[in-house]
Amino acid sequence: MARPSMLRRTIATPLILSALLVAFALVAWLAGSRPFNQTVIDIFLQVIFVVGLYTFVGNSGVISFGHIAFACLGGYVAAWTTIKPMMKGVSMPGLPDWLMQLEIPFWAAAVAGGGFAAFWALVFGAVLMRLSGIAASIATFAMLAMVNSIYSNWTSVTAATSSVVGIPIVRTVWPYLIAAIIVVFIAWAFAISRYGLALRAARDEPTAAAASGVDIPRVRLIAFVISGAIMGAGGALYAHSIGLVTPDTFYLGLTFTTLSMLVVGGIGSLSGAVLGVLILSSLIQGLRWLEAGVQVGASTIALPGGVQEIALGAVMILILMFRPAGIMGNSELTGRIARTEKPGEPGEN
Amino acid sequence: MKRLTAILAATTCLSGAAFADDERIVVGFATAETGFMQAYDKPAQDAAMIRIAEINAAGGLLGKQIEVVNADTKTDRAEGAKAGLSVIDQGADMVVVSCDYDFGAPAALAAESSGLISFFLCAESIKAGIQGVGPNSFSASVLAAVQGATMAEWAYNKKEARTFYRLLDTWTEYNKGICDGFDWMMPQLADATLVGEDTFLNEDASIAAQITRIKSLPEEPDAIMLCTMMPGAVSAIKQLRAAGINSMILNGSGVDGSYWLSAVPDLSNFFVPVQGSIYGDDPNPDVTAFNAKFKEVTGGDPSTQYTYPGYVMIDVWAKAVERAGTTETSAVVAELEKMNGEPTLFGPRTFTSELHHQNQARYLIVETNAGKPGVVDEWTISAPIPVADLMK
Amino acid sequence: MAPIMQVVFDALSLGSLYALGALGIALIFGVMRLVNFAHGDVIAFCVFALLWPSVDAVAIIFAGNLPWFLLIPFTLAVGAGLSVLSEVVVFRRFRRANPATMMIASFALGFVIRYFLLMLFSSRPKSISLLPGLSQPVELLGARIPLLQLITILVTIAVLIGLTAFLRRTRFGLEMRAAAENFTMARMLGVRANRVIMGAFALSGALAAAIALILGSQTGTANIMMGASVMLMAFIATVIGGMGSLAGAVIAGFALGAIATVMQVILPPDARAFRDAFVYGAVILVLIFRPQGLLAARGTKERV
């Protein structure tokens, strides 16, 4: 699909990003602390979410508030397919029989979650992708709110607002690392594919792109479905990382966290998506350590509670003040210093 | 306050070397020190610390001092899982998790998969136990359904209430639990009728439409079963009274406390079930003595009855450990499950191999009259709510 | 069935809240294309400004005890002040940034305000008896409604009339309308951009304070998240009203209030819990058929 030269020219980006992720995983493995291991798992999940978000938002330039809805769909697929049938019968008695009896491994649940989310992305996207700009953003938000309202109240199938427990917990960091790397490669492959290029052309010059035969709603829909699938798989893995799902995990909080990470990293850049997560997560973790107290000589220095969040907000504002297009702008890590330093232009809405 | 900090400092210092071994007894608190759950976790944890200090002062547990380790869940589920793992890595023999089922479950699941006992500080969902987290999980409080059932049966018997209206805030499982208990009790009350029902959301800015529905009934219901919690509860109560609805309002324990009463001046005909009274008029003088002690240690009175389960939790767990002669999980669980009507400061407690929760409990009824709350009665539902009905 | 008048009042009072919120967001969007996600936190801040910082369960009332003729201006000033401050300290540096960046910056600012409140007051909701005289029922057109509901509607109408007069009759209003129409052009024609933008922020903050007063006296609670749900609805109203169109924002605000109220009345009990799903479904439908909003912002049209 993509020209070989393009492939060669850009392959460095996913390779560098994967190397970064592997480095994080090795640190977690060497540290040997279970809470820290869990933190790194969290970071990989965020990478999956933010890269999924980038696949649509970065390429199309349409801000989506709705992608976490797909994570919710995926998370519940994990609950439906991996919990022991007996427990399912108790917490979600309304499931159809075949689903009730089903018990699949976690990676299959992630694939199924991605597929289910992709299906609904296709259904919603067919309607929503005709919209652009802020109307599209609000429509995606309305979609999120609808999914949340339905999952919060459909007692027999989603156990409503109650946490659904019994999802097998996967606490090793490797599956999440592999998933994050796969997702980075998918996002990269889409970005350099014919559709990805057409979509970015439509983002920057909608009139010219349409005149050259780009069917904008259609290419947007393709990006929407792919990113929906990534979010769905991420949602399923999230469920396996803590062993439970609830609808409000997948609502405004996660929506804003992921969007913030993407915008801080650089909305139009895959490297930005990954770096946004790594930098903000490291910052959060660092502040948390400070909040918990650091031993300096004989005395412990601790920040008062709440300072962590305030500092995080302030740092985000500062980063955006000095780099309005995010840390990476529109450029990618390619291994060549000159390119990464070139500030990119913001993608127009 | 000073004393509590001193205890905390002493115990956390001791736990510096973080290894699980038989020489120490460690209670790990994976609770919220920040975020909105902190308001619920902190008082219950303070009460638990008081019981731990009492036990340590009396020579400890199995001859050893109980040590404490902490980790903050930040009122976040993913952080909750980390906090659970963190206290387990620090050698906890028993993991205390956040008050609410939804926020405590990640840490409790971490404990469960490490084969440790977990205790929810004050969760009132049946899933905070065998039916959700697993066979080593317990809750120190009473099921929400018992509160709804208690209020319905008490109002029927003692206040001659015959017509009921059910107003449910669908925000949390706790709210639904109260109304489920109410629904279970209603058919057992001859000639009591449900004249209407409605739902709202805790964050609704206005419940005017719901109130209009109540007002369009041919006559005002005798009692409104209000299944909600803070902060939406204050708003709902205020709007009900502002609309001129004077029916008696029945609630769950979630609205206990006088700190919010200033928002609805001269509130009357308002009833709350509580495990112990924070108003200094508990029939058991030991509760009042506990309140004084709590004030001495923390510098403030208990603000709601949700302070008490933390004390009960350490109390029953320590008794089970004492009887088992070890902190080993299966032995302690077996001893806990033998408890039948075990007396505690806040009413008897029963655990069975089927239910790690209270499906029947003695409740004090607090009436608020002209803005003044006080204990007016106590009530125990006539039969425990069957587990099968709780699982619906 | 509920008497029709009662339902009309319910819909109007809820719609008023949304309309005031939507106005506050549309005003700022009009002059600088900023979707201000900190608006909800400004609302919460205004309520907490009436309390003395403390982490105890019982709220210590500070300015909340002032008589109403001092309390109202005080709260409005707090809202306007905080809003202008956020412009001067933060948003001024984002004039040239793209909308997504500004939006995330406003979200980050809201985050800072929220956790600042959390640090001072703890996360526990506080009770506050604000303007207690308003919590009594009155008879009107055969409906018995809380006095506050009536006042909310009247205040909203008064604000709308006042704002219309202000925008139509004063030079400042003219400049603001011109800026909303075409910012660059207005600037070239001699409109002082900073002044206009600060004016818009001050008005928006005062509107947030008005919502804070209404919410505070209606719910009796100060809660750090209290502005969030109104802000979301207001945000949606602004968009389906046509971004930047003040009249559209107000109309859409009332329409959303009406839809939510009517849904609550006509849905059967089992479906009522899904009320929000229906409301948001309606939002998507409106957007599909009128992507530019009910009143498109560009072109010749009447503003409020």
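What the table below lists for this structure:
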| quantity | calculated |
| --- | --- |
| Matching option when the condition is assigned to a helix (DSSP H, G or I), within 14 Å of chain C (Cβ to nearest Cβ) and in contact (Cβ under 8 Å) with a residue 12 or more places away in the chain, among A:Val157, A:Val225, A:Val183 | A:Val157 |
| B:Met225 vs. criteria more than 20 Å from the chain's Cα centre (by Cα) and either assigned to a helix (DSSP H, G or I) or buried (at least 24 other Cβ atoms within 10 Å of the Cβ) (or both) | no |
| Residue identified as closer than 30 Å to A:Ile104 by Cβ, out of contact with any Leu (no Cβ under 6 Å at 6 or more places or on another chain) and not polar (S, T, N, Q) among A:Leu73, A:Leu20 | A:Leu73 |
| Total residues in segment B:99-133, condition within 12 Å of chain A (Cβ to nearest Cβ) and either assigned to a helix (DSSP H, G or I) or over 23 Å from B:Thr350 (Cβ atoms) (or both) | 14 |
| Filtered residues of segment B:276-296 (kept if among the hydrophobic types (A, V, I, L, M, F, W, C), under 20 Å from B:Ile52 (Cα atoms) and buried (at least 17 other Cβ atoms within 10 Å of the Cβ)) | B:Val287, B:Phe290, B:Phe294 |
| Condition met for C:Phe94 (in contact (Cβ under 8 Å) with a residue 12 or more places away in the chain, within 10 Å of another protein chain (Cβ to nearest Cβ) and farther than 18 Å from C:Ala208 by Cα) | yes |
| Test: residue in segment B:158-171 that is within 9 Å of chain A (Cβ to nearest Cβ) and over 21 Å from the mean Cα position of the chain (by Cα) | no |
| A:Met129 vs. criteria among the aliphatic types (A, V, I, L, M), within 30 Å of A:Ile11 (Cα to Cα) and touching a helix residue (DSSP H, G or I) at 6+ places or on another chain (Cβ under 6 Å) | yes |
| Neighbours by Cβ (under 6 Å, 6+ apart or cross-chain): first from segment C:111-138, closer than 17 Å to C:Leu50 by Cβ and away from chain B (no Cβ under 11 Å); second at pLDDT below 80 and outside any strand (DSSP E or B) | C:Leu120/C:Pro53 |
| Hits in segment A:31-61 - residues which are surrounded by fewer than 23 Cβ atoms within 10 Å (Cβ to Cβ) and over 16 Å from A:Gln285 (Cβ atoms) | A:Gly32 |
| Scope segment B:186-222; condition part of a helix (DSSP H, G or I) and within 14 Å of chain C (Cβ to nearest Cβ); matching residues | B:Ala208, B:Ala209, B:Gln210, B:Ile211, B:Thr212, B:Arg213, B:Ile214, B:Lys215 |
| Residue tally, condition without any contact (Cβ under 8 Å) to a residue 60 or more places away in the chain, more than 19 Å from the chain's Cα centre (by Cα) and on the phi < 0 side of the Ramachandran plot, over segment B:112-146 | 3 |
| Residue within segment B:301-308 that is in contact with a Cys (Cβ under 7 Å, 6 or more places away or on another chain), more than 25 Å from B:Gly60 (Cα to Cα) and either touching a residue at least 40 places away in the same chain (Cβ under 8 Å) or basic (Lys, Arg) (or both) present | yes |
| All helices (runs of 4 or more DSSP H) inside segment A:262-349 with 1 or more residues being modelled with pLDDT under 70 and of a type outside the set (A, V, I, L, M) | A:337-341 |
| Those residues of segment B:291-327 which are of a type in the set (Ser, Thr, Tyr) and in contact with a strand residue (DSSP E or B) (Cβ under 7 Å, 6 or more places away or on another chain), in sequence order | B:Thr327 |
| Segment C:220-232 - residue that is of a type in the set (A, V, I, L, M) and surrounded by 24 or more Cβ atoms within 10 Å (Cβ to Cβ) and, of those, nearest to the other protein chains (Cβ to nearest Cβ) | C:Val230 |
| Segment A:82-121: number of residues that are more than 16 Å from A:Leu237 (Cα to Cα), surrounded by 14 or more Cβ atoms within 10 Å (Cβ to Cβ) and in contact (Cβ under 8 Å) with a residue 60 or more places away in the chain | 8 |
| Residue within segment B:142-156 that is crowded, with 24+ Cβ neighbours inside 10 Å, within 14 Å of chain A (Cβ to nearest Cβ), of a type outside the set (Gly, Ala, Ser) and within 25 Å of B:Thr304 (Cα to Cα) present | yes |
| Test result for C:Phe37, crowded, with 23+ Cβ neighbours inside 10 Å, away from chain B (no Cβ under 14 Å) and in contact with a Phe, Trp or Tyr (Cβ under 7 Å, 6 or more places away or on another chain) | yes |
| Meets criteria (buried (at least 24 other Cβ atoms within 10 Å of the Cβ) and either in contact with a strand residue (DSSP E or B) (Cβ under 9 Å, 6 or more places away or on another chain) or in a helix (DSSP H, G or I) (or both)) for B:Gly91 | no |
| Exclusive hit being over 24 Å from C:Val230 (Cα atoms), more than 17 Å from the chain's Cα centre (by Cα), at pLDDT 90 or above and buried (at least 23 other Cβ atoms within 10 Å of the Cβ), set B:Ile214, B:Ile249, B:Ile245 | B:Ile249 |
| Out of C:Arg144, C:Arg124, sole residue that is more than 20 Å from the chain's Cα centre (by Cα) and buried (at least 19 other Cβ atoms within 10 Å of the Cβ) | C:Arg124 |
| Qualifying helices (runs of 4 or more DSSP H) (wholly inside segment A:26-97; at least 2 residues being over 14 Å from the mean Cα position of the chain (by Cα) and away from chain B (no Cβ under 14 Å)) | A:34-60, A:67-82 |
| Residue count, segment C:158-180 (criterion: under 17 Å from the mean Cα position of the chain (by Cα) and among the polar types (S, T, N, Q)) | 1 |
| Residues of segment C:244-275 satisfying the condition of being crowded, with 24+ Cβ neighbours inside 10 Å, more than 14 Å from chain B (Cβ to nearest Cβ) and among the hydrophobic types (A, V, I, L, M, F, W, C) | C:Leu246, C:Ala249, C:Val250, C:Ala252 |
| Failed condition for B:Ala44, given (1) of a type in the set (A, V, I, L, M); (2) within 25 Å of B:Gly252 (Cβ to Cβ); (3) in contact with a strand residue (DSSP E or B) (Cβ under 7 Å, 6 or more places away or on another chain) | (3) |
| Criterion (outside any helix (DSSP H, G or I) and within 21 Å of C:Val47 (Cα to Cα)) met by exactly one of C:Ser204, C:Ser129 | C:Ser129 |
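To keep it simple, each residue is scored yes or no on (1) more than 14 Å from chain B (Cβ to nearest Cβ); (2) farther than 30 Å from B:Trp171 by Cβ; (3) of a type in the set (A, V, I, L, M).
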| position | (1), (2), (3) |
| --- | --- |
| C:Ile161 | yes, yes, yes |
| C:Arg169 | yes, yes, no |
| C:Leu207 | yes, no, yes |
| C:Leu213 | no, no, yes |
| C:Gln218 | no, no, no |
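The values are calculated or read from the model by the stated rules, or taken from the named source; none is laboratory data. Just so we're clear, the structure is a prediction, and the values are computed from it rather than from any experiment. As a convention, Cβ positions derive from the backbone with ideal geometry for all residues, glycine included, and neighbour counts pool all protein chains shown.
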